[in-house]
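**Student:** Below you will find the structure I want to go over with you.
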Amino acid sequence: MPHLSLQTWLEKHNAVPFLQEAVQCNTVNPPGNERLLASRIQDVLHQHGIDSHMYVHENERVNLVARIAGKNPGKRLVFSGHLDTVPVGEVPWEVPPFSGEIIDGRLYGRGSTDMKSGLLALMYAFIYMKETDVPFNGELVFAASFGEETGSEGAAVMVEEKQIPPFDAMVIGEPTANQIFVAHKGVLWVEVSSKGKTAHGSMPDQGVNAILPINHFMNGLQEIRFTYQKHPLLTDPTMSVTTIKGGMKTNVIPDQCTLTLDIRTLPDQKHDQILAQLQEVADRVMTHNPSASLEIKPILNLPGIGTDPEAEIVQAACSVMNKSRDDVKGVNYFTDGSVFSRYAAGDIVILGPGIPELAHQPDEYVDIERYLEAVSIYYGMAQAYLK
Ligand SMILES: [Zn+2]
C-alpha cells in the first residue's frame, strides 16, 4: 500500500482533534492527574500496534514510555515531553482554558503551547516512524513525564528507576516556536531559614528576633560575585530574592523567618560553589550576631544545558529546517533536560511548536500549522539521526 503523505496521514489520524482532546484533559499541576492524558496517548499508541509502559508513581501521577527498535543496532534517540500544565491563574481567560477551542488557526487552552502540542507532535512523529516502511537503525523512544512544572519530579523518577535507557540524543518538545534551542540555564532554588525565640513585643530582650538576621543576610548577598564564563547563547546568571515569610503578630517577637532565592545559572557554573558562597554570608551574619541561627537548604538544584551546536542531532534539525548554526539559540527557562543530562551524556535539543512567550499565560494558544509542521520536523530529525 503506498504511504500517505505525512499531512494527509495526520488529518486521517485526527492530529488536531486529538490535541483539542489533550487540552480538555485537565492535568493542572498540582495535583497533576497526568494519567488522564497518558492513558489517552497509550490508547492511540496501542491502535497503531505500539506497546507502551505506564509507570505509576502514585495514583494519578504516571510516566509513559514507548520504544520502537530499528532494523539494525545503532544510536538511541529519545522524544521527551511533559504531561502536566501550570494552573490557570487568577486572571480571567477570554477563551475557556479547557476548551481546546480553535479560532483563526489557533488552538487555545491551558497546555496548548506548554506543551501538549509538542508532546503530541512528538507522539505522531514517533508513530509515523513505525508506520512508514523506511528502515532506520538504533532505537526511538517516546517518553512522557509527569510533574515537570513543579521541578521535574517525573523525569527524576524516570531516571532513578531507569524507565528510559541511556540515550545518544534527545529532543524535548518545549515551546520554542519551532526554533532550535541547544542551551538553557540551570536553576538553584534555595531556602534560607532563620530561627529565634518568641517573646512579648514589649520585652524584645527576652526573645531572639528571627527576622533581623535575614535582613543582614539579604544585605550580604550584594557581596556575592559569581564566577562564570560568558555563554554565547545565554544571558548572564541571575539571583533574585523571591519570598520572605516571617513573624506572626505585631506584638510578638518573631521566632521564624524564611527567605527563598531563585538563582539561574550558566551550564558551566558549579552549584556547590554558589551554595558555599551563600553559606559564607550566613556564617558572617552569625559571627556578628551569635544568637542568630541561619540554615541554608537547596530546594531545587538542576544544572543548565549546553549542547554543542555541531552535535549530530543539532545538525539534523538544521538540515531538516534549512537552517544554519547561526539560527541555533538558547533560553532562560529550564526543562526536564536538566535531569536527563545528569543521567546520560547524550546531546539535547529543545524544539517545540508552542510559543515561549505564551507559556504559563492566560489565553495560551498554539498555531495549528506550526503544530503540524513540528511533526514533520521531528520525523525528519529522527530519520536523519537514525539512518
Ligand atoms: Zn513546559
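The values are calculated or read from the model by the stated rules, or taken from the named source; none is laboratory data. This structure is a prediction, so every number in the text was calculated from the model and none was measured. All Cβ positions, even for glycine, are placed from backbone atoms using ideal geometry, and neighbour counts span all protein chains on display.
**Student:** Can you name the residue in the range 226-281 that is among the acidic types (D, E) and at pLDDT 95 or above and is also nearest to S341 (Cα to Cα) among such residues?
**Tutor:** First pass over the range 226-281, keeping only residues among the acidic types (D, E): 236, 255, 262, 268, 272, 280.
From what's left, at pLDDT 95 or above: 236, 255, 262, 272, 280.
Values: D236: 21, D255: 41, D262: 21, D272: 17, E280: 29 Å.
Filtering first and then ranking leaves D272.
**Student:** Could I ask something else about it? What are the pairs with Cβ atoms under 6 angstrom where one residue, in the range 71-91, is of a type in the set (K, R) and the other, located anywhere, is more than 16 Å from the ligand (Cβ to nearest atom)? Sequence gap at least six, or different chains.
**Tutor:** Taking only residues 6 or more apart or on different chains, the pairs are K71/P135; K75/G138; K75/D168; R76/G138; R76/E139; R76/F167; R76/D168.
**Student:** Same structure, new question: Could you tell me whether G81 is in the same structural domain as T27 (by TED's automatic domain parsing), more than 15 Å from E148 (Cβ to Cβ) and touching a Leu at 6+ places or on another chain (Cβ under 8 Å)? Don't jump to the end; show me each part of the working.
**Tutor:** On the way: in the same structural domain as T27 (by TED's automatic domain parsing): yes; more than 15 Å from E148 (Cβ to Cβ): no; touching a Leu at 6+ places or on another chain (Cβ under 8 Å): yes.
Spelling it out, it is not the case that G81 is in the same structural domain as T27 (by TED's automatic domain parsing), more than 15 Å from E148 (Cβ to Cβ) and touching a Leu at 6+ places or on another chain (Cβ under 8 Å).
**Student:** Got at least one residue in the range 244-251 being charged (D, E, K, R), farther than 30 Å from R370 by Cα and touching a strand residue (DSSP E or B) at 6+ places or on another chain (Cβ under 8 Å)?
**Tutor:** Of all residues in the range 244-251, those charged (D, E, K, R) come to 245, 249.
If we keep only those that are farther than 30 Å from R370 by Cα as well, we get 245, 249.
Right, trim to touching a strand residue (DSSP E or B) at 6+ places or on another chain (Cβ under 8 Å) and you get 245.
Taking every residue of the range 244-251 in turn, at least one turns out to be charged (D, E, K, R), farther than 30 Å from R370 by Cα and touching a strand residue (DSSP E or B) at 6+ places or on another chain (Cβ under 8 Å).
**Student:** Hey, among the residues in the range 316-340 that are among the hydroxyl-bearing types (S, T, Y) and buried (at least 23 other Cβ atoms within 10 Å of the Cβ), which one's farthest from the ligand (Cβ to nearest atom)?
**Tutor:** Step one: list which residues in the range 316-340 are among the hydroxyl-bearing types (S, T, Y), which gives 319, 324, 333, 335, 338.
Now drop any that are not buried (at least 23 other Cβ atoms within 10 Å of the Cβ), which leaves 335, 338.
On the way: T335: 7, S338: 12 Å.
Within the range 316-340, the match that is farthest from the ligand (Cβ to nearest atom) is S338.
**Student:** Going through G151, G147 one at a time, which residue ends up being crowded, with 17+ Cβ neighbours inside 10 Å, at pLDDT below 95 and not aromatic (F, W, Y)? Can you show your working first?
**Tutor:** Numbers: G147 fails: at pLDDT below 95.
Among G151, G147, only G151 is crowded, with 17+ Cβ neighbours inside 10 Å, at pLDDT below 95 and not aromatic (F, W, Y).
**Student:** So, one more: When only residues in the range 1-44 that are of a type in the set (G, A, S) and either at pLDDT below 95 or under 20 Å from the mean Cα position of the chain (by Cα) (or both) count, which is nearest to V375 (Cα to Cα)?
**Tutor:** If we filter the range 1-44 for residues that are of a type in the set (G, A, S), which is where we start, we get 5, 15, 22, 32, 38-39.
Okay, now just the ones that are also either at pLDDT below 95 or under 20 Å from the mean Cα position of the chain (by Cα) (or both), so 5, 22, 32, 38.
On the way: S5: 12, A22: 16, G32: 26, A38: 19 Å.
Going through the qualifying residues, I end up with S5.
**Student:** Filter the range 337-360 down to residues that are outside any helix (DSSP H, G or I) and at pLDDT 95 or above, then give me how many there are.
**Tutor:** As a first pass, look at the range 337-360 and keep what is outside any helix (DSSP H, G or I): 344-355, 359-360.
Okay, now just the ones that are also at pLDDT 95 or above, so 346-355.
Count: 10.
**Student:** Could you check T307 against (1) away from the ligand (no atom under 16 Å from the Cβ); (2) surrounded by fewer than 18 Cβ atoms within 10 Å (Cβ to Cβ) and say which number it fails?
**Tutor:** Looking at each condition in turn, T307 falls short on (2).
**Student:** Would you pick out the residues in the range 203-236 that are of a type in the set (S, T, N, Q) and more than 30 Å from G247 (Cα to Cα)? I'd like the intermediate steps shown before the answer.
**Tutor:** First, the residues of the range 203-236 that are of a type in the set (S, T, N, Q): 206, 209, 215, 219, 222, 227, 229, 235.
T227, Q229, T235 - these are the residues of the range 203-236 that are of a type in the set (S, T, N, Q) and more than 30 Å from G247 (Cα to Cα).
**Student:** Just give me the residues in the range 96-120 being away from the ligand (no atom under 12 Å from the Cβ) and assigned to a loop (DSSP other than H, G, I, E, B), in sequence order. Break it down stepwise before answering.
**Tutor:** Of the residues in the range 96-120, the ones away from the ligand (no atom under 12 Å from the Cβ) are 96-109, 120.
Of everything in the range 96-120, those that are away from the ligand (no atom under 12 Å from the Cβ) and assigned to a loop (DSSP other than H, G, I, E, B) turn out to be P96, P97, F98, S99, G100, E101, D104, G105, G109.
**Student:** If you scan the range 199-233, which residues turn out to be touching a residue at least 12 places away in the same chain (Cβ under 8 Å) and closer than 14 Å to S293 by Cα?
**Tutor:** G207, V208, N209, A210, I211, L212, P213, I214, H216, F217
**Student:** Within the range 361-374, work out how many residues are in contact with a Pro (Cβ under 9 Å, 6 or more places away or on another chain), more than 13 Å from the ligand (Cβ to nearest atom) and not in a helix (DSSP H, G or I).
**Tutor:** Summing the residues that are in contact with a Pro (Cβ under 9 Å, 6 or more places away or on another chain), more than 13 Å from the ligand (Cβ to nearest atom) and not in a helix (DSSP H, G or I) in the range 361-374 gives 3.
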